[in-house]
1. Return the residues of segment 394-420 that are under 16 Å from residue 282 (Cα atoms) and touching a residue at least 12 places away in the same chain (Cβ under 8 Å); say none if nothing qualifies.
2. Of the numbered conditions (1) closer than 30 Å to residue 80 by Cα; (2) touching a Ser or Thr at 6+ places or on another chain (Cβ under 9 Å), residue 343 satisfies every one except a single condition; which is it?
3. List every residue pair whose Cβ atoms sit under 6 Å apart, with the two residues 6 or more apart in sequence or on different chains, where the first one lies in segment 436-463 and is in contact (Cβ under 8 Å) with a residue 24 or more places away in the chain and the second, anywhere, is part of a loop (DSSP other than H, G, I, E, B) and open to solvent by 50 Å² or more (accessible area, probe 1.4 Å).
4. Looking only at segment 261-272, decide whether some residue is aliphatic (A, V, I, L, M) and either within 22 Å of residue 320 (Cα to Cα) or assigned to a helix (DSSP H, G or I) (or both).
5. Hey, could you check segment 372-414 for residues that are outside any helix (DSSP H, G or I) and among the charged types (D, E, K, R) and say which is surrounded by the most Cβ atoms within 10 Å (Cβ to Cβ)?
6. Say whether the condition of being closer than 24 Å to residue 285 by Cα, crowded, with 24+ Cβ neighbours inside 10 Å and not hydrophobic (A, V, I, L, M, F, W, C) is met by at least one residue in segment 161-175.
7. Among the helices (runs of 4 or more DSSP H) confined wholly to segment 36-151, which include 3 or more residues that are open to solvent by 10 Å² or more (accessible area, probe 1.4 Å) and closer than 25 Å to residue 245 by Cβ?
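The values are calculated or read from the model by the stated rules, or taken from the named source; none is laboratory data. In this text the structure is predicted, and so the values were computed from the model without any measurement. Positions of Cβ are backbone-derived with ideal geometry, glycine not excepted, and every protein chain shown enters the neighbour counts. Side chains included, ligands, DNA and RNA excluded: accessible areas come from the protein's heavy atoms. Shrake-Rupley method; radii C 1.70, N 1.55, O 1.52, S 1.80 Å.
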Amino acid sequence: MSGAITCSATDLAALLGPNATAAADYICGQLGTVNNKFTDAAFAIDNTYLLFSAYLVFAMQLGFAMLCAGSVRAKNTMNIMLTNVLDAAAGGLFYYLFGYAFAFGGSSEGFIGRHNFALRDFPTPTADYSFFLYQWAFAIAAAGITSGSIAERTQFVAYLIYSSFLTGFVYPIVSHWFWSPDGWASPFRPAEDRLFSTGAIDFAGSGVVHMVGGIAGLWGALIEGPRRGRFEKGGRAIALRGHSASLVVLGTFLLWFGWYGFNPGSFTKILVPYNSGSNYGQWSGIGRTAVNTTLSGCTAALTTLFGKRLLSGHWNVTDVCNGLLGGFAAITAGCSVVEPWAAIVCGFMASLVLIGCNKLAELVQYDDPLEAAQLHGGCGAWGLIFVGLFAKEKYLNEVYGATPGRPYGLFMGGGGKLLGAQLVQILVIAGWVSATMGTLFFTLKKLNLLRISEQHEMQGMDMTRHGGFAYIYHDNNDDDSHRVGPGSPFPRSVTPRV
């Protein structure tokens with residue numbers, strides 16, 4: 001903790017007269033005890049803050065589950081819910097065994113960590129268990145993004161394999177590059193060793209989390225192909241709408257709530273003064289980060305609302321929810337280093353990026369039930385570019401340590417070096433995830449482990465793979481109760497069986 005109490009018995013003895021040495025030793029000893037208590041309290045406060053943030057980020061898994069469930073057809077609800085549970089469960093074990101070590105376990109030439117496998121020799125002087133829990137919650141968030149892209153047509157074993165591989169190897173390598181102090185593109189490296197004198201700035205993971213999950217989902221969906229009936233032979237797109245807008249909205253609000261742990265929590269500490277004796281410190285940066293997160297998401301939601309109204313003639317709540325999340329994904333990289341007005345610009349552009357990516361997806365007959373690749377991949381990439389344009393020098397020095405002559409945003413007068421570092425990050429993430437996850441999905445396809453049969457897809461995976469539908473109804477037109485059939489997610493007249 002900065003500002004620690006110091007005491008010198010020699011200096012104090014000169015002021016105390018006879019028996020001064022004993023008195024000075026006693027006084028300094030008492031002050032040392034008080035100082036240790038303050039230091040312990042600071043560690044406790046910072047760890048409590050990080051644990052609370054980890055709980056918020058983990059709660060986002062419930063948001064992902066609700067969003068995914070509402071975005072698929074009723075006949076696949078149990079399947080997508082189970083995959084979300086297993087993302088967390090499988091991700092927990094594989095991140096414990098391998099992922100954390102690859103991400104933060106001491107570097108080998110800036111590429112991969114090599115210590116702390118299965119949390120051996122842990123905690124370390126720089127990381128406690130709360131930090132592991134927080135990073136695990138981030139890892140499973142990346143896996144949850146991918147599951148949405150390949151929903152409604154993927155074999156269950158493929159989910160287990162890709163989720164374990166992504167959280168145990170692919171994602172940790174990327175987080176090591178940009179978040180570990182030893183990573184080759186990390187902004188925490190010594191100034192003379194940083195990429196373009198700055199390192200890539202990705203504060204909470206527009207690239208590390210969102211682009212990784214989005215690009216992985218992109219390759220999965222491309223290699224699998226679209227769902228049956230998504231596109232006609234002539235190429236016209238057919239909307240296969242999710243069965244519950246209510247679940248989509250519930251999931252969106254849960255994700256919004258969790259994002260206040262995702263972005264502000266990425267400081268990892270709260271009790272850090274920027275100027276000794278003032279009321280301005282890291283707690284101020286945390287508040288600014290939360291405000292920027294809010295403004296970007298809100299702006300993107302409203303822009304999407306009116307943009308889709310002009311394009312389709314409808315006020316569509318699902319589109320608005322996706323726009324909101326796109327704004328959050330974009331601001332995640334720069335939420336701590338930009339002004340609030342710039343966050344509004346970020347959200348506005350993120351909405352346009354999302355709408356444009358969705359139009360492109362239809363043109364090339366790409367099918368992503370949750371728009372995950374477009375939202376997280378496209379808006380995440382825009383978020384990295386945004387930092388290179390709008391990052392403020394003062395905030396960069398506060399968050400990443402004061403460095404004379406540090407490059408900052410191009411539009412803020414800081415030159416183009418930071419933007420160059422951000423573009424490098426986009427390219428290397430796209431290349432790494434494509435090489436690893438693309439190869440994995442292609443291999444699974446060749447082994448007939450990726451896509452389910454056409455018959456099972458038409459019937460729905462809940463019945464064919466999981467033993468029954470998620471919802472049971474009683475049809476008022478029949479004498480007997482029955483489950484909703486795969487071809488009828490919305491019967492004419494139904495009441496839930498209690």
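1. The answer is 395, 396, 398, 399, 400, 401.
2. Of everything listed in (1) closer than 30 Å to residue 80 by Cα; (2) touching a Ser or Thr at 6+ places or on another chain (Cβ under 9 Å), residue 343 misses just condition (1).
3. Note: pairs meeting the criteria are 457/228; 459/486; 460/486.
4. Checked against the condition, which is being aliphatic (A, V, I, L, M) and either within 22 Å of residue 320 (Cα to Cα) or assigned to a helix (DSSP H, G or I) (or both), segment 261-272 yields no hits at all.
5. 406
6. Going through segment 161-175, the residues closer than 24 Å to residue 285 by Cα turn out to be 175.
So of that shortlist, the ones also crowded, with 24+ Cβ neighbours inside 10 Å come out as 175.
Okay, now just the ones that are also not hydrophobic (A, V, I, L, M, F, W, C), so 175.
Yes - at least one qualifying residue is present in segment 161-175.
7. 77-94
The rows are residues; the columns are (1) hydroxyl-bearing (Ser, Thr, Tyr); (2) under 30 Å from residue 47 (Cα atoms); (3) at pLDDT below 95.
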site	(1), (2), (3)
271	no, yes, yes
276	yes, yes, yes
281	no, yes, yes
285	no, yes, no
297	no, yes, no
321	no, no, no
336	yes, yes, no
341	no, no, no
364	no, no, yes
